[in-house]
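Read through the structure below, which is laid out as structure tokens, and then see the notes.
The values are calculated or read from the model by the stated rules, or taken from the named source; none is laboratory data. The structure displayed is predicted, hence computed values, not measured ones. As a convention, Cβ positions derive from the backbone with ideal geometry for all residues, glycine included, and neighbour counts pool all protein chains shown. For accessibility, only protein heavy atoms count, side chains too; no ligands or nucleic acids. Shrake-Rupley method; radii C 1.70, N 1.55, O 1.52, S 1.80 Å.
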Amino acid sequence: MDFDKLIEIIDSYDSINVKESWGYIEISCDINKRENLQKIKLLKDYLSDEGFPNSISIKIDNARVDDDDLDSYLEDDTSNWEININKIPFFNTGYIDVRQNFFYSIEKFQEWLSGLSPFEKENPFHKKNNLIINGLDHVILGDKFKIIPYKFNGNIESFVIGESLPDLNRINEVVHSLTSEELIISPLSFVYQTKSNNETIISILNKLASISLSASIVNEIKSDDFITVDGIRRLNLKLFDDHDIYKKEFYNDLLKVVKWIYEEKTITRQKLFNDRISLELDESKTYINALSIHLKNSLSQASQRYNFVILERKDKYISELKDLLKDVRSQSDLYSQKIRTLLNNLLRDVLAAIVLVGFTIFTKFSDNLLLDKISLLKYVFYFLAIYYVLSAIIQAIVDITDVQVSKNEMLYWKATTKELIPEKDFKKHIENSLKDRKRSLKILYPTIIILYLLLAYTCYKFPIYFHSISSEKTKKEKINNDKVSKYRSQQSSGSSGR
């Protein structure tokens, strides 16, 4: 919708009274001017053409006028008239999450703006808005809003101030809210840049932005009248009151403080700053008041202390990281040691089986024992099969338990004695160091266990196979013996005949 056209029509009225807020505008006139009355129809037709026929209501001589009766009222003499325009239908611009609105009266805009609370959820500045203001001299550009002068034809500059400020979710992680009602702390909703000379609007925006910025660096907040700063001294005091002054310089300094605190290691920086500012706080005055006096000095001292703290923490971090790497190396060696141990045991057991079987076979042929008939061979190999299965199971249970216990011990001592490495970094080091070992363990360990089971199965089936070979051999020997006996019998018969 073209708000410039709408403002132009309203601006053409003479001697009108305006009441205006975010959601409506009321225009009235006590002077009977036919030119004004004719323009009522022009305004009505314009809103109908734009698709908002129900957004306007008209009263003439305190009586509600319908569309059909409007022409007849305009022809007669009237003592007063009133127009009410509902702005809410204009909010949708066609862009996602962006609303548009206008204020015909800059004075009414200033009055409405001064009554806003930066913490209320329904504050329109918490949503993206484009505002057309009649009487504004220059664009006021925020991270979530654009306040544009009526009939502005210039280029709107890009906004860069809010790029390094924390969002609502980040602030909620740092500042604890002690109220059951939803309290919004979002400096991004109010920070701005402008070349405007309108001191009233700038002063109000300074106030909204400064209050929101200040609330984002306290430790706890319950309401405007109760915040907690936990430094060297833990103090409860008001956040602001009507006597506080919000200068542009103070707003810019607050921007620097918030950006510095939320740039990195937020908890550490917040603690250092609040340690310093808590020494300067007067509980009989507001937090905003103390910041306006001691902010620069507190930021300077906190920055210097931060440099020393970070150097000290770096040394401790490197030392702790070395200890962690030693633990990880021990854990890594444990994985590989278990694989090597299991493989050595496998080779040892295979060698023992070969020796046992060889000794058994040697005994069979040397002593001419019919082991297959007395079932001794079967018992030996069945026992060997059971041994392999039990050996694989016991070794697997012991090794898996050993690895898990070692891992739990490392995690326990990390939680007990380590204070400087974040949990996320710790897990990252563990995963990157051990992932290849874990992969090899998951592949090789089951493979070796399968080999154990194959050996057990072979030992279980070997007596049956050996029995079949022995039976066939015995059968062949019997046939050969029969042939020899028969041949000898024939020779004996021949000798007797001669």
(message) Being assigned to a strand (DSSP E or B) and touching a residue at least 60 places away in the same chain (Cβ under 8 Å) is the filter here; which residues of region 102-141 pass it?
(response) 102, 103, 132, 140
(request) For residue 37, indicate whether it is surrounded by 15 or more Cβ atoms within 10 Å (Cβ to Cβ) and modelled with pLDDT under 85. (result) yes
(message) Residue under question is residue 406, and the condition is that it be in a helix (DSSP H, G or I), out of contact with any Gly (no Cβ under 8 Å at 6 or more places or on another chain), surrounded by 11 or more Cβ atoms within 10 Å (Cβ to Cβ) and at pLDDT 70 or above; does it hold?
(response) yes
(request) Spot the failing condition for residue 290; the list is (1) modelled with pLDDT of 75 or more; (2) exposed (fewer than 15 other Cβ atoms within 10 Å of the Cβ); (3) over 30 Å from the mean Cα position of the chain (by Cα), and only one is missed. (result) (2)
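Got a sec? Which of 307, 236, 344, 274 is at pLDDT 90 or above and in a helix (DSSP H, G or I)?
Of the residues listed, the single one that is at pLDDT 90 or above and in a helix (DSSP H, G or I) is 274.
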(request) With respect to residue 200, determine if the residue is under 30 Å from residue 100 (Cβ atoms) and polar (S, T, N, Q). (result) yes
(message) Within region 269-286, take every residue that is in contact with a helix residue (DSSP H, G or I) (Cβ under 6 Å, 6 or more places away or on another chain) and in contact (Cβ under 8 Å) with a residue 24 or more places away in the chain and give me the one that is surrounded by the most Cβ atoms within 10 Å (Cβ to Cβ).
(response) 277
(message) With the requirement that a residue be open to solvent by less than 80 Å² (accessible area, probe 1.4 Å) and of a type outside the set (Asp, Glu), what does region 252-268 give you?
(response) 252, 254, 255, 257, 258, 259, 260, 261, 262, 266, 268
